[in-house]
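**Student:** What follows is a structure written as structure tokens; I'll ask about it next.
Please treat every number below as a calculation from the coordinates, not as lab data. No experiment lies behind these values; they were computed from the predicted model shown. As a convention, Cβ positions derive from the backbone with ideal geometry for all residues, glycine included, and neighbour counts pool all protein chains shown.
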Amino acid sequence: MRIGIIALGLIGGSLLKALSGKDFELVAVSRDKTTLKAAKSYTDNVSDDISAIKDCDMVFVCTPISKTSEMLDKLEKIVSEDCIVTDVASVKGFLSSKKRPYKFIGSHPMAGTENKRFKASSPELFKGAKWVITPTIDTMIDDIEKLKNIIEMTGADLILADANEHDEAVALISHMPMLVAQAIFKTATNSDLALELAASGFRDMTRLAMTNTELAQDMMTYNGQNIKKACNMLSDSLSSLQDKSYVDTITAIKALRERMYSTEGKNILK
Ligand code: NAP
């Protein structure tokens, strides 16, 4: 089996590192010379030309969200009709409707950091993480199985979801929280004393404010409607928490959150 990885940033680089040394050929494509040199430690097949992936059986497109559609279009003239092509973009709905002359299955690894580019990548990034794939009615079970096998080799667990439902869900647990983290930080800048006193609680609450700027902007652009809906739901939650059932509500929240995370911090909820 020959697997292509296009764009070797945090996610593409981590995928290359996680799949390196396994029983298949890897083709790594990057526009950056320094990255290509570093990628040579993980596969002999590196190139700055995307046509290098033309004989691949499976291709992972790991470009920024705003470049993914364009890259999927370019692949139409390069890969065979039997090739399984996936992407890793954090928003899925806008990519799912177009029919492709290859086997396209959208995907999104639920793992990341605020850092970017190959230097930030790690073979451990996907270990214990969920990895969503968004097949459609036309997707063959065999192709899902093939993709599942490769994804599981990174240490991730596969989850199947509808692309639009995925976008609503990630707005709630990732995109809206990022915006809120940014808003909390911005609000705190009203007081120099608050910033001086801020300790680990504030640091943890605002970690997502460090999200890579291009990714943050793309999430707002491509999942804006769902983020807006999630903000409205947050506003309802803020109001409902401030009533007399406060203690019961936060007791239930604490119990669920405790069940969700393992000691290593991974979400173990099925
Ligand atoms: P990243 O570290 O910035 O990597 C993106 C890579 O895409 C760059 O290193 C570059 O690779 C390539 N690239 C940049 N601009 C491009 C352009 N104009 N045209 C073509 N290629 C370009 O970002 P990332 O975090 O890996 O994000 C990549 C994808 O993963 C995004 O779709 C994002 O939604 C998704 N994702 C991110 C996270 C996260 O937490 N960061 C989590 C899950 C999914 P080369 O220099 O090698 O060409």
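**Student:** Counting pairs of alpha carbon atoms under 8 Å apart in space and at least six apart in sequence, what relative contact order in percent does the chain give?
**Tutor:** The value is 16 percent.
**Student:** If you stretched the chain out fully between residue 183 and residue 1, how much longer would it get, using 0.36 nm times the residue separation minus the C-alpha to C-alpha distance?
**Tutor:** Result for the pair: 60.9 nm of gain on full extension.
**Student:** Just to confirm the number: angle between the C-alpha axis of helix 224-241 and the first principal axis of the chain, 0 to 90 degrees, nearest 10?
**Tutor:** With both axes taken from Cα atoms, the answer is about 30 degrees.
**Student:** Right, something else. Ignoring everything except DSSP H segments at least 4 long, calculate the 222 nm mean residue ellipticity for the chain; use -39,500 (n - 2.57) per segment, divide by total residues, nearest 500.
**Tutor:** So the calculated ellipticity at 222 nm is -13000 deg cm²/dmol.
**Student:** Further, regarding this structure: Report, in debye and to the nearest 20, how large the dipole of the chain comes out about its Cα centre when Lys and Arg carry +1 and Asp and Glu carry -1 on their Cβ.
**Tutor:** Value, rounded to 20: 460 debye.
**Student:** Further, regarding this structure: Relative to the first principal axis of the alpha-carbon coordinates of the chain, what is the inclination of helix 246-260, with its axis defined by its Cα atoms, in degrees from 0 to 90 and to the nearest 10?
**Tutor:** 30 degrees
**Student:** Could you run the Debye sum over the Cα atoms of the chain, one equal point scatterer each and no solvent, and tell me log10 of I(q)/I(0) at q = 0.12, 0.16 Å⁻¹, two decimals?
**Tutor:** Listed by q, the Debye log ratios stand at -0.79, -1.28.
**Student:** I need 257, 31 ordered by Cβ neighbour count within 10 Å, fewest first.
**Tutor:** 257, 31
**Student:** Right, next: If contacts are Cα pairs under 8 angstrom and at least 6 residues apart, what is the relative contact order of region 165-270 in percent?
**Tutor:** 30 percent
**Student:** Follow-up question, since we're still on this one. Using the number of other C-beta atoms within 10 angstrom as an exposure proxy, rank 85, 247 with the fewest first.
**Tutor:** Going from sparsest to densest Cβ surroundings: 247, 85.
**Student:** May I ask you to derive the FRET efficiency for residue 237 and residue 257 from their Cβ-Cβ distance with R0 = 22 Å, giving the value to the nearest 0.05?
**Tutor:** So the FRET efficiency works out to roughly 0.95.
**Student:** Okay, moving on. Loop-only GluC sites (Glu not before Pro) in region 171-270, please: DSSP not H, G, I, E or B, and at most 16 other Cβ atoms within 10 Å.
**Tutor:** Loop-located and lightly packed - 264.
**Student:** As an exercise, use a Förster radius of 22 Å and the Cβ-Cβ distance of residue 49 and residue 207 to find the FRET efficiency, rounded to the nearest 0.05.
**Tutor:** Given R0 = 22 Å and the Cβ-Cβ separation, E is 0.05.
**Student:** In Å and on Cα atoms, what radius of gyration and Dmax does region 33-126 show?
**Tutor:** Computed over the Cα atoms of region 33-126, radius of gyration and Dmax are 13.9, 37 Å.
**Student:** Same structure, new question: Helix 10-19 versus the longest principal axis of the chain: what angle, 0 to 90°, nearest 10, using Cα atoms?
**Tutor:** Relative to the chain, helix 10-19 is tipped by roughly 60 degrees.
**Student:** Another question, if that's okay. Just report the Cα centroid separation between region 34-64 and region 223-240, whole Å.
**Tutor:** Value for the Cα centre distance between the two parts: 40 Å.
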